[in-house]
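Student: I'd like to ask you about the structure that follows.
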Amino acid sequence: MKKVYFDNAATTQIREEVVERMAQVMRDVYGNPSSTHTFGRSAKTLIEQARKTVAKILNVAASEIIFTSGGTEADNLILNSAVRDLGVKRIITSKIEHHAVLHTIDKLHDVFGTEIIYVNLDDCGRVNLNHLEEVLKSSNEKTLVSLMHVNNEVGNLLDIAKVGELCSVHKALFHSDTVQSIGHYELDLSQVKVDFTAVSAHKFHGPKGVGFAYIRKNSGLQPLIFGGEQERGFRAGTEAVHNIVGLEEALKLAYQNLDEEREYITSLKRHFTDLLKKEIPGVKFNGDCGDFVNSTYTLINVCLPMSQEKALMLLFQLDLHGIACSKGSACQSGSDKGSHVLNAFLPAEDLKKPSLRFSFSRYNTKEDIEYVVNVLKEFMEK
């Protein structure tokens, strides 16, 4: 049976070069990075070199990069500390953020009484920047804006530079979950007026269980995890040296190959959208993902014209044919509540139809796409 992996927004295949580099570190550099002897210093050197590499790619200071277990921890660190330690009284966000943000701010509302304001979305799920500006103007309370750069389900691209400018003018802090964009887009954080970002290595062909937070210097943020003084006091716990080095290697390779791989993956997305339109009349693309300007090149979210009864068997049939894709985000697996992202802006008639997210990588081919579209077409015609 042919196997096709189109769930790269959930996680990506690790590059072979990354696997080899991590294996070498696990074999040869096993000292505790906090130890002062040679074994420990060797491990610490690798961590600090990785920090410098990441900082150089994003054009920030090395001291502004804090390694974490991934994007969720980074989001939690930033949001919790902003309210607990920086005096943030209200958070402006959207209803299509990742649950790492939405569930965290719900808890902050319950515990601290933080005011939560949801910015308006249009019928494609785009953030209404005029409404954002109105809300920023409406209060002098200390405010944090939390809006993701690339939506993980429908692929909409936020004008992160514009949002940063608005936040700067109105003296609000700006946090952006960049889990789906770092490694896929060039982002000069010295130019974009963002205070905090969250990143996860397994979204750009690195290992799971490691990521980082970008925290602008002199922010005043405080730790979420207490214990030792690792990560400049921001995150206690012995660092996973092999994972951090794997993140470094994956990020370097992502940007070294960015132009070539972006062109290739864009061609895959274009081929997929063209074939779907040709072979499946009535197909729709949720959000901006049928667009090649306002949407990421790495994914599409497709609304298929079929009955609810038939839709119940759709993912099962795809899996039987070796096809991996997603009904919603991977963090929604096993949930029957549907996608909170699609529920936020799709009309009721489209919510009754099945929507699937297909996300691409350098390891996919046009033959994969033709196989998937053919399986979909045959299933719908039965």
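The values are calculated or read from the model by the stated rules, or taken from the named source; none is laboratory data. None of these values were measured; they are calculated from a predicted model. Reconstructed Cβ throughout: ideal geometry from the backbone, glycine too, with neighbour counts over all protein chains shown. Calculation scope for accessible area: heavy atoms of the full protein, side chains included, ligands and nucleic acids excluded. Shrake-Rupley method; radii C 1.70, N 1.55, O 1.52, S 1.80 Å.
Student: Cα-Cα over 28 Å: which of K208/K353; K203/K284; K278/K327; K107/K171; K95/K137? Could the numbers behind the result be given before it?
Tutor: Details: K208/K353 33 Å; K203/K284 26 Å; K278/K327 22 Å; K107/K171 24 Å; K95/K137 20 Å.
Where the Cα-Cα span goes over 28 Å, the pairs concerned are K208/K353.
Student: Can you classify region 165-235 as rounded, prolate or oblate using the Cα gyration tensor, where a ≥ b ≥ c are the square roots of its eigenvalues, rounded means a/c under 1.5, and otherwise it's prolate if a/b beats b/c and oblate if not?
Tutor: In terms of gyration-tensor shape, oblate.
Student: List every residue whose amide H lies under 5 Å from the amide H of M306, counting only residues 5 or more places away in sequence or on a different chain, with H placed 1.01 Å from N in the peptide plane.
Tutor: none
Student: Would you look at the GNM of the chain, springs on alpha carbons closer than 10 Å, and say which of F358, F345, F226 moves the most?
Tutor: Per the Cα network of the chain with a 10 Å cutoff, F226 tops the list.
Student: Compute the distance in nm between two label points, each set 7 Å from the Cα along the Cα-to-Cβ direction, one at D85 and one at A161.
Tutor: 3.1 nm
Student: Right, next: Counting only protein heavy atoms and a 1.4 Å probe, tell me what percentage of the chain's accessible area is made up of carbon and sulfur.
Tutor: 49 percent
Student: Can you list the residues, at least 5 places off or on another chain, whose amide H is less than 5 Å from the amide H of I116, using H built in the peptide plane?
Tutor: Hits under the 5 Å cutoff: I91.
Student: State which helices in the chain qualify, where a helix is a whole DSSP H run, it must extend 20 Å or more along its own axis by its Cα atoms, and its mean Kyte-Doolittle hydropathy must be at least -0.5.
Tutor: 38-58, 241-256, 366-381
Student: Moving to a separate point now. For the chain, modelled as a Gaussian network with Cα springs under 10 Å, which listed residue fluctuates most, F212, F112, F272?
Tutor: The residue that fluctuates most here is F112.
Student: Quick one: putting +1 on the C-beta of Lys and Arg, -1 on the C-beta of Asp and Glu, what dipole do you get for the chain around its Cα centre, in Debye to the nearest 20? Can you show the working numbers first?
Tutor: Numbers: 44 positive and 49 negative charges, 81 e Å.
The calculation lands at about 380 debye.
Student: Which of rounded, prolate, oblate describes the chain, given a ≥ b ≥ c as roots of the alpha-carbon gyration tensor eigenvalues and a/c under 1.5 marking rounded, otherwise prolate only if a/b is larger than b/c?
Tutor: In terms of gyration-tensor shape, oblate.
Student: So what's the net charge close to R262: Lys and Arg +1, Asp and Glu -1, counting the other residues with Cβ under 14 Å from its Cβ? Write out the running numbers ahead of the final one.
Tutor: On the way: positive: K269, R270, R362; negative: E186, D259, E260, E261, E263.
After counting each charged neighbour, the total is -2.
Student: OK, next. Antiparallel versus total DSSP beta bridges in the chain: what percent is that, nearest 5?
Tutor: Around 55 percent antiparallel, to the nearest 5.
Student: How would region 64-202 be classified by its alpha-carbon gyration tensor: rounded, prolate or oblate, with rounded meaning a/c under 1.5 and the a/b versus b/c comparison settling the rest?
Tutor: Rounded shape, in that the Cα axes give a/c under 1.5.
Student: Then there's this: Report the calculated FRET efficiency for F112 and D350 (r = Cβ-Cβ distance, R0 = 45 Å), to the nearest 0.05.
Tutor: Once rounded, the FRET efficiency stands at 0.75.
Student: Only helical DSSP H runs with n ≥ 4 go in: add -39500 (n - 2.57) per run for the chain, normalise by residue count and round the 222 nm mean residue ellipticity to 500 deg cm²/dmol.
Tutor: -12500 deg cm²/dmol
Student: I would also like to ask the following. Over the chain, with the other protein chains present, what is the accessible area per residue in square angstrom, probe 1.4 angstrom?
Tutor: 44 Å²
Student: Stretched out fully, how many nm does the piece from E260 to S168 gain, at 0.36 nm a residue minus the Cα gap?
Tutor: Taking E260 through S168 to full extension adds about 29.7 nm, to one decimal.
Student: A follow-up question, please. Of the listed peptides 4-12, 126-134, 246-254, what is their order by residue-averaged count of other C-beta atoms within 10 Å, with the highest listed first?
Tutor: Ranking the peptides 4-12, 126-134, 246-254 by packing returns 246-254, 4-12, 126-134.
Student: Right, another one. Connecting C-alpha atoms closer than 10 Å in a GNM of the chain, tell me which of T104, T143, T68 has the biggest fluctuation.
Tutor: T104
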